[in-house]
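Have a look at this one before I ask anything.
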Amino acid sequence: MKKIGFLSFGHWSPSPQSETRSAGDALLQSIDLAVAAEELGADGAYFRVHHFARQLASPFPLLAAVGARTKSIEIGTAVIDMRYENPLYMAEDAGAADLIAKGRLQLGLSRGSPEQVIDGWRYFGYQPDEGKSDADMGRSHAEVFLRALKGEGFAEPNPRPMFPNPPGLLRLEPYSDGLGERIWWGAGSNATAIWAAKLGMNLQSSTLKDDETGEPFHVQQAAQIRAYKQAWKDAGHQRTPRVSVSRSIFALVDDRDRAYFGGGGREQDSIGYIDQTTRAIFGRSFAAEPDALVKQLASDEAIAEADTLLLTVPNQLGVDYNAHVIGSILKHVAPALAWR
């Protein structure tokens, strides 16, 4: 059995071909799609965060709104770029959103990927310490965020406060108990997956990772997951970790599906560079009749290693069509693979 959710980047464009023509459309349709996915029996509604782009950017108002409109579906990110974040302010926002959702928040974090502007985090007021990289800064922000979620007091109280204080050092409020165990790290390499395991974070692995061995994407991703699980075991954590992978999967069950995705697409892994030095491998997409999809996905080693599958959705095709995409996987593919 697997948890199956969707992942939306929240793209919007004023193009007449887009069903999502403004930032408002992207936000409101994201809420509607989460509601529809919950009604279909999906397990998660996840959103990607990108700055300086016509996509979803500030996640917590959206997460809180989805939490208020739904009852059971997990609500998360995949991922928040921690280079841009004030980790203490973020802990307050996350605590509030999780309380509104009654403990359903699943936050995916990352050190970040190349953005739309050069060193965009500098415009947000952040810069790495001397001798450190922006990736180091992102991981440092994540560590501060994790400490804040423990709910331990660290701030010296004012001896003449406006309102009475509880005894001792003060923690951030609102505090949501258990949220610290629902934090994930989006790892692009085996090394960062191991680092995430040591810190007790769950693992998110997307449709790209560093090309470390030259093997097919799903084989490298499965090896990354196994390295993460071993590091988790070695760290002595008491709970069982969670692992998600993302895939672009489209079951061709009607004429719309065939028109949009039946012409073939990226059916092989591809290689590229996400910066000047990092060679990355990008996983293939899947679009076929359900029986063919079942055969293709049955051989995906990384999906087999994961407990959660996030389906990337083409959000600009509208809520109704994306609900259809999710429903088709849940109905025609997941049962045959024992995911349901």
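Going through segment 156-171 one residue at a time, which ones are of a type in the set (A, V, I, L, M) and at pLDDT below 95? Give the derivation first.
Just the residues of segment 156-171 that are of a type in the set (A, V, I, L, M), to begin with: 162, 169-170.
Residue satisfying the conditions is 162 alone.
Same structure again: Among the candidates 62, 56, which residue alone is hydrophobic (A, V, I, L, M, F, W, C), buried (at least 21 other Cβ atoms within 10 Å of the Cβ) and assigned to a loop (DSSP other than H, G, I, E, B)? Talk me through it step by step, then tell me what you get.
Numbers: 62 fails: assigned to a loop (DSSP other than H, G, I, E, B).
Within the list 62, 56, the selection yields 56.
Ok, one more. Select from segment 278-306 the residues that are of a type in the set (Ser, Thr, Tyr) and open to solvent by less than 70 Å² (accessible area, probe 1.4 Å) and write down the one among them that is nearest to residue 187 (Cα to Cα). Explain how you work it out, then say what you get.
To start, the set of residues in segment 278-306 that are of a type in the set (Ser, Thr, Tyr) comprises 278, 285, 299.
Add one more test, that the residue is open to solvent by less than 70 Å² (accessible area, probe 1.4 Å), and what stays is 278, 285.
Details: 278: 14, 285: 20 Å.
The extreme case among them is 278.
Of the residues 114, 164, which single one is closer than 30 Å to residue 43 by Cα and open to solvent by 50 Å² or more (accessible area, probe 1.4 Å)? Walk me through it before giving the result.
Working: 164 fails: closer than 30 Å to residue 43 by Cα.
Only one candidate qualifies: 114.
Could you please let me know if residue 68 is over 14 Å from the mean Cα position of the chain (by Cα), surrounded by fewer than 24 Cβ atoms within 10 Å (Cβ to Cβ) and of a type outside the set (Asp, Glu)?
Values: over 14 Å from the mean Cα position of the chain (by Cα): yes; surrounded by fewer than 24 Cβ atoms within 10 Å (Cβ to Cβ): yes; of a type outside the set (Asp, Glu): yes.
For residue 68, the condition - over 14 Å from the mean Cα position of the chain (by Cα), surrounded by fewer than 24 Cβ atoms within 10 Å (Cβ to Cβ) and of a type outside the set (Asp, Glu) - is met.
Taking segment 13-33 as the search range and keeping residues that are within 23 Å of residue 63 (Cβ to Cβ) and hydroxyl-bearing (Ser, Thr, Tyr), which one is surrounded by the most Cβ atoms within 10 Å (Cβ to Cβ)?
Filtering first and then ranking leaves 20.
Among the residues of segment 203-255, write down those that are closer than 19 Å to residue 192 by Cα, basic (Lys, Arg) and surrounded by fewer than 19 Cβ atoms within 10 Å (Cβ to Cβ).
Scanning segment 203-255 gives 226, 229, 233, 242.
Restricting to segment 18-37, give me the number of residues that are over 22 Å from residue 105 (Cα atoms) and touching a residue at least 24 places away in the same chain (Cβ under 8 Å).
Here is the first cut: in segment 18-37, the residues over 22 Å from residue 105 (Cα atoms) are 18-25.
From what is left, the residues that are touching a residue at least 24 places away in the same chain (Cβ under 8 Å) are 18-20, 23.
Looking only at that region, the number is 4.
While we're here: Considering each residue of segment 71-83, count those that are open to solvent by less than 10 Å² (accessible area, probe 1.4 Å) and under 18 Å from residue 61 (Cβ atoms), and give that number.
Applying the first criterion (open to solvent by less than 10 Å² (accessible area, probe 1.4 Å)) to segment 71-83 yields 73, 75-77, 80-82.
Imposing the further condition that a residue be under 18 Å from residue 61 (Cβ atoms) reduces the set to 73, 75-77, 80-81.
The qualifying residues number 6.
Within segment 137-148, how many residues are open to solvent by less than 20 Å² (accessible area, probe 1.4 Å) and under 18 Å from residue 105 (Cβ atoms)?
Let us first name the residues in segment 137-148 that are open to solvent by less than 20 Å² (accessible area, probe 1.4 Å), namely 137-138, 142, 145, 148.
Then drop every residue that is not under 18 Å from residue 105 (Cβ atoms), which leaves 142, 145, 148.
Number satisfying all stated conditions: 3.
Quick check: anything in segment 162-178 touching a residue at least 24 places away in the same chain (Cβ under 8 Å) and among the aromatic types (Phe, Trp, Tyr)?
Let us first name the residues in segment 162-178 that are touching a residue at least 24 places away in the same chain (Cβ under 8 Å), namely 172-178.
When the remaining residues are screened for being among the aromatic types (Phe, Trp, Tyr), the result is 175.
Within segment 162-178 (the criterion being touching a residue at least 24 places away in the same chain (Cβ under 8 Å) and among the aromatic types (Phe, Trp, Tyr)), the answer is yes, since at least one residue qualifies.
Within the set of pairs 6+ apart or on separate chains, which have a first residue in segment 314-340 that is crowded, with 18+ Cβ neighbours inside 10 Å, a second that is of a type in the set (Asp, Glu), and C-beta atoms under 7 Å apart?
Listed by first residue and then by second, the contacts come to 316/19; 319/32.
The values are calculated or read from the model by the stated rules, or taken from the named source; none is laboratory data. Just so it is clear, the model here is predicted, and its values are computed rather than measured. Positions of Cβ are generated from backbone atoms using ideal geometry, with glycine treated the same way; all protein chains shown enter the neighbour counts. The area values use the complete protein model at the heavy-atom level, side chains included, leaving out ligands, DNA and RNA. Shrake-Rupley method; radii C 1.70, N 1.55, O 1.52, S 1.80 Å.
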